[in-house]
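Below is one structure, written out as structure tokens; the observations come after it.
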Amino acid sequence: MSGSEAQEFRVALDGVNLTLGGRQIFRDLSCGFPRGQISVIMGGSGAGKSTMLRLIGGLQRPDSGSIRVAGEDVTKLSETQLFRARDRIGMLFQGGALLDSMTVFDNVALPLREHSQLGETDIAEEVERRLVAVGLPDTGKLYPRELSGGMARRAALARAIVTDPEILMVDEPFSGLDPINVRRIEALLVDLNRRLHLTTLVTSHHLASSLRMAHRIVFLAQGQALAGPPDELLQSADEGVVRFLAAEESDGAWADAAVEESDPEGLHGAATEPPVDAKLAAERS
Ligand SMILES: Nc1ncnc2c1ncn2[C@@H]1O[C@H](COP(=O)(O)OP(=O)(O)O)[C@@H](O)[C@H]1O
Ligand SMILES: [Mg+2]
């Protein structure tokens, strides 16, 4: 990687090796994530997408190689330094569910109570601001069980951005959602990226959404990364990419159509929840 190229990346992995449970997950892997853009990390199941986010968040250390996040090599930081460095990163893990015993408000407030010195009045203001940003105003008093799947995902996103991170990492944001909510979460991620200038890293199996929302796609296969703009990836002759895209096209199209036909909850959600786009537009005006 050249020096000037490294400069554009807000997150960059260089020569990363990682073996887990006797299996080499990453093999001299290098790739970068441009500042302020949406990068989608793709690849088959077990390719290492979630592991890559854990490495960047400093939750997992590589066997060798460097991982620069906002100018710091997280592989060289102590636990205390890592705790501070994570303030810059909002993370939403797959199934990173809200805590059932707490209201939506308390769930979103949690990172502020743990990581900031803010008083309750300021916390209330910050929480409501983020709930508005994800299209869920006035839902603070509800409990997670009272939310639809799409709403719960948005509340979890509100929690991930409540500390004003510079980098947002979201693991499989579309999993388990019907096509309407996939579109909503996608629109929300695009909107948050634009408005908050977040460097956004998303892992996804969902090909259509990934192609629509990504400025850049990082494709993982055989322990290495292949990165570029979506149209470049689509034209790629790389065997791993071609095989993955072919499988996704048939599976993905079928799965979406099947849910659209038969999922009454998805349709119900569409009728009762205002579209995120409209809400966000209203908020801006
Ligand atoms: N803590 C661990 N110990 C052993 N193997 C692990 C561990 N975490 C992940 N793996 C393995 O690493 C590989 C990559 O996992 P993961 O990053 O979850 O893949 P993906 O998110 O792309 O589906 C998988 O083969 C998984 O079984
Ligand atoms: Mg995963």
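Computed from the coordinates by the stated procedures, all read-outs in this text should not be read as laboratory data. These numbers come from a predicted model, not from an experiment. We place every Cβ from the backbone using ideal geometry, glycine too, and count neighbours over all the protein chains shown.
Here the label points at Asp164 and Leu142, each 7 Å from Cα along the C-beta direction, are separated by 2.8 nm in the simple model. Computed about the Cα centre, the dipole magnitude for segment 98-179 is approximately 200 debye when only Lys and Arg (+1) and Asp and Glu (-1) carry charge, each at its Cβ. Annotation: amide H of Ile41 within the under-5 Å range of Val202, Thr203, Ser204, Val218, sequence separation 5 or more or interchain, hydrogens built in the peptide plane. Near Gly36, the amide H atoms lying under 5 Å from its own belong to Thr199, Thr200; only residues 5 or more places off or on other chains count, and H is placed 1.01 Å from N.
Note that segment 18-34 has calculated 3J(HN,Hα) couplings of 8, 10, 10, x, x, 10, 7, 7, 10, 10, 6, 7, 10, 6, x, 10, x Hz, one per residue in order, obtained from phi through the Karplus relation 6.51 cos²θ - 1.76 cosθ + 1.60 (θ = phi - 60°); glycine and proline are x.
The residue list Gly150, Met169, Gln224 was ranked by how far each Cα lies along the charge dipole of segment 112-232 toward its positive end, using unit charges on Cβ atoms, and Gly150 comes out on top. Placing dummy labels 7 Å off each Cα toward the beta-carbon, the span from Ser64 to Gln222 is 2.1 nm. The phi torsions of segment 150-161, fed into the Karplus equation with coefficients 6.51, -1.76 and 1.60 and a -60° offset, translate into couplings of x, 5, 4, 5, 5, 5, 5, 5, 4, 5, 5, 9 Hz, rounded to whole numbers, with Gly and Pro shown as x.
With the simple model of a label 7 Å out from the Cα in the direction of the Cβ, His197 to Ser236 spans 3.0 nm. Across segment 187-199, rounded Karplus estimates of 3J(HN,Hα) from the backbone phi angles (6.51 cos²θ - 1.76 cosθ + 1.60, θ = phi - 60°) give 4, 5, 4, 5, 5, 5, 4, 5, 6, 9, 6, 6, 7 Hz, Gly and Pro being marked x. Can you compute the label reach from Arg27? Point 7 Å from Cα along the Cβ direction, backbone N cut-off under 19 Å, restricted to segment 209-246. Counting only backbone N, you get 219-227, 238-244.
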